[in-house]
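Structure first, then comments.
The values are calculated or read from the model by the stated rules, or taken from the named source; none is laboratory data. Quick caveat, the model's predicted, so the values are computed rather than measured. Glycine gets a Cβ as well: all are built from the backbone with ideal geometry, and neighbour counts include every protein chain shown.
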Amino acid sequence: MFSSENHDDFLVGDWEFTNNKGPCRVLYRSQDIEQKNFLKIENINFEDCDFQGVFTTPIIFKNCSFERCDFGLCTFKRAKFTGCDFTETSFSQCKLENCEFRECQYTRISFSGNETQLPQTLITEPEKFIFGGEAAIRNLPEGKSPIVQKLRFEETRSTLSRSILANLQSEGSEDTFYSVVRTASICEDRARVAKGAYRIHKSGLPFPLRRILPWIWNTAAGLIQCVSALLSLAILLVMGWLNGWGGNLVRVLLVGVVMVTAIAYRMSYKFKLPYGEALIKTTEVFLLFGYTDHSGRNSQDPMLIFTTALCGLFWFALAIPTVVNRLTRTRG
């Protein structure tokens, strides 16, 4: 991961790349392009470079690579990155205002939850950006635990994913929006798991003996928090996939058809009914308006009827939020 260092041995870049397609250890300053109205940079491989200042000149980076570069403490306005590759590059304490990242790749990048600012910035692959991040654990000060840094980075991911989600309320495609919905939801539960794990890690060993009760309490609370968050994440992943994270109504309808068809087949076999009659009975119970007619003491298999109703409730839990989301969400 990029780490700040003395730039005395860095060359100052002139922003001319005709004869230099692979600048290395170069300092690029905003003041050197203030007089330009526009700048387009293509197929350049930046290595161990630093960008400093407030870049108000619109810049397009196309098919460029940034390896161990530092965007920290600088501001880019109206910059566009298309088809770029970021490897071990730092966005910590960086402000990207009204910028665009399209079809980019991110490997072991670093960012800060609250100090990496992305106002009105569009990232078309938010999942790659968020999960391409990695906790900075190299050259940690003495006493800093790599495990703790990794656990805390989950909270950083969650915070930044919510920021990206807020931007995409009015920008970007539907696919991009639902991608960041998925990412933010997953990151939130992963952050809860990390908090539970951190609580267990922080409790340490129960010595001296007078600490044993607080240790038991903290460890048990941490385990409960981890398990509940993992269960929540598992349910979220299943339900999110089934309804396309709130954006795929057709998939929800198909899920309902498959469930009704399968249960009707079982009911036809169990009750020795014609399949058409079993299908009608299953649909009535599944949609709940016929549950009372087919349940009770006269029911041939109360458990099957009850299970069908539960499946119907599960389907409604998928369908209703998806329909409401599709009808009420407005995009600018």
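Looking at the structure I just gave you, is LEU118 among the hydrophobic types (A, V, I, L, M, F, W, C) and in contact with a helix residue (DSSP H, G or I) (Cβ under 9 Å, 6 or more places away or on another chain)? Criteria met by LEU118. Inspection of the stretch 184-206 finds a residue satisfying the criterion of being assigned to a loop (DSSP other than H, G, I, E, B), at pLDDT below 85 and not hydrophobic (A, V, I, L, M, F, W, C).
Answer with yes or no whether ILE109 is buried (at least 22 other Cβ atoms within 10 Å of the Cβ), within 22 Å of GLY247 (Cβ to Cβ), in the same structural domain as PHE55 (by TED's automatic domain parsing) and of a type in the set (Val, Ile, Thr). Quick ask: steps written out before the conclusion?
Details: buried (at least 22 other Cβ atoms within 10 Å of the Cβ): yes; within 22 Å of GLY247 (Cβ to Cβ): no; in the same structural domain as PHE55 (by TED's automatic domain parsing): yes; of a type in the set (Val, Ile, Thr): yes.
Answer is no for this residue.
Inside the stretch 253-270, residues that are surrounded by fewer than 12 Cβ atoms within 10 Å (Cβ to Cβ) and in contact with a helix residue (DSSP H, G or I) (Cβ under 9 Å, 6 or more places away or on another chain) make up a count of 1.
Residue by residue, here is whether (1) more than 20 Å from ARG162 (Cα to Cα); (2) of a type in the set (S, T, N, Q); (3) modelled with pLDDT under 95 holds:
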site: ARG68; (1), (2), (3): yes, no, yes
site: PHE71; (1), (2), (3): yes, no, yes
site: CYS74; (1), (2), (3): yes, no, yes
site: THR82; (1), (2), (3): yes, yes, no
site: PHE91; (1), (2), (3): no, no, yes
site: GLU97; (1), (2), (3): no, no, yes
site: ILE109; (1), (2), (3): no, no, yes
site: LEU118; (1), (2), (3): no, no, yes
site: PRO126; (1), (2), (3): no, no, yes
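Taking the criterion of being more than 22 Å from GLN105 (Cα to Cα) and either surrounded by 15 or more Cβ atoms within 10 Å (Cβ to Cβ) or at pLDDT 85 or above (or both), the only residue of the stretch 131-148 that qualifies is VAL148.
Per-residue answers, yes or no, for (1) crowded, with 19+ Cβ neighbours inside 10 Å; (2) within 20 Å of THR89 (Cα to Cα); (3) not assigned by TED's automatic domain parsing to the domain that holds SER92:
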{"position": "GLU16", "(1), (2), (3)": "no, no, no"}
{"position": "ASN19", "(1), (2), (3)": "no, no, no"}
{"position": "GLY53", "(1), (2), (3)": "no, yes, no"}
{"position": "ILE60", "(1), (2), (3)": "no, yes, no"}
{"position": "PHE71", "(1), (2), (3)": "yes, yes, no"}
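Per the conditions (1) within 29 Å of VAL180 (Cβ to Cβ); (2) without any contact (Cβ under 8 Å) to a residue 60 or more places away in the chain, the sole criterion not satisfied by TRP245 is (2). Whenever a residue of the stretch 221-236 is in contact (Cβ under 8 Å) with a residue 24 or more places away in the chain and closer than 12 Å to LYS195 by Cβ, it has no partner that is not in a helix (DSSP H, G or I) and not basic (Lys, Arg) lying with C-beta atoms less than 8 angstrom away and at least six residues away or across chains. For the residues GLN149, GLN169, GLN93, the requirement of being outside any strand (DSSP E or B), at positive phi and assigned by TED's automatic domain parsing to the domain that holds ASN45 singles out GLN93. Show the residue pairs that are 6+ apart or on different chains and have beta-carbon atoms under 6 Å apart, the first residue being within the stretch 148-163 and over 12 Å from ARG192 (Cβ atoms), the second being modelled with pLDDT under 85 and not aromatic (Phe, Trp, Tyr). Close Cβ pairs satisfying both conditions: GLN149/ALA135; GLN149/ILE137; LYS150/ALA135; PHE153/ALA135; THR156/GLY113; THR159/GLY113; LEU160/GLY113.
Among the residues of the stretch 222-234, is there at least one that is in the same structural domain as THR121 (by TED's automatic domain parsing), modelled with pLDDT under 80 and not β-branched (Val, Ile, Thr)? Within the stretch 222-234, one or more residues are in the same structural domain as THR121 (by TED's automatic domain parsing), modelled with pLDDT under 80 and not β-branched (Val, Ile, Thr).
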